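Contents: one structure, followed by commentary.
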Amino acid sequence: MAAKLKTGDKVVVLAGKDKGKEGTIASVDPKAGKAVVDGINMAIRHTRQSQTDQGGRLPKAMPIQLSNLALIDANGKPTRVGFRMEGDKKVRYAKTTGDVIDA
């Protein structure tokens, strides 16, 4: 199945402890159906000290289900993502406005 949400997309969280918060997708794992969003679903991870890193208790963004994320359209509202053919190219578009997301 095609990726409805990609790295770099601006999204809003629909469910969970961070409901309503906005962020940018840092990475996507399509096999697990999860994405890491900057500043969302933060957890404390204990890290060992190394030559380059101080170590200690560091906050880290944990993966969140793709079904709990919605893309933000041009109006700043959450929207679902659809696909359509424009010429010979398949493009993503916002269902609320009909605008193409990435041309």
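The values are calculated or read from the model by the stated rules, or taken from the named source; none is laboratory data. The model shown is predicted, which means the values in this text are computed figures rather than measured ones. Glycine gets a Cβ as well: all are built from the backbone with ideal geometry, and neighbour counts include every protein chain shown. In case anyone asks, the SASA skips ligands and DNA or RNA and just uses the protein heavy atoms, side chains included. Shrake-Rupley method; radii C 1.70, N 1.55, O 1.52, S 1.80 Å.
Here are some notes:
- Other-chain or far-sequence residues with amide H under 5 Å of LYS34's (modelled H): ASP29, LEU66
- Within the accessible area of the chain, the carbon and sulfur atoms contribute 50%, probe 1.4 Å, all protein chains present.
- Contact order for the chain, expressed relative to its length and based on alpha carbon pairs under 8 Å spaced 6+ residues apart, stands at 21 percent.
- In sequence order, calculated HN-Hα J values of the stretch 3-19 (Karplus, 6.51, -1.76, 1.60; Hz; x Gly/Pro): 7, 7, 10, 10, 4, x, 6, 8, 10, 10, 8, 8, 8, x, 5, 9, 3
- For the chain, a simple Cβ point-charge model (Lys and Arg +1, Asp and Glu -1, everything else neutral) yields a dipole of about 360 debye relative to the Cα centre.
- Amide H to amide H distances under 5 Å link THR96 with ARG80, where only residues 5 or more positions off or on other chains count and H is placed in the peptide plane.
- Taken one residue at a time, the phi angles of the stretch 67-76 give Karplus couplings (6.51, -1.76, 1.60, θ = phi - 60°) of 5, 8, 10, 9, 5, 9, 7, 5, 7, x Hz. Gly and Pro are set to x.
- Using θ = phi - 60° in the Karplus curve 6.51 cos²θ - 1.76 cosθ + 1.60, the 3J(HN,Hα) couplings for the stretch 36-53 round to 9, 10, 4, x, 10, 6, 6, 9, 8, 10, 7, 10, 6, 5, 9, 5, 9, 10 Hz; x is entered for Gly and Pro.
- Exposed-site-free run, longest, the chain (rule: trypsin sites (Lys or Arg not before Pro); DSSP loop; at most 13 other C-beta within 10 Å): 49-79
- Per residue, the chain exposes 68 Å² of solvent-accessible protein surface, assessed with a 1.4 angstrom probe and all protein chains in place.
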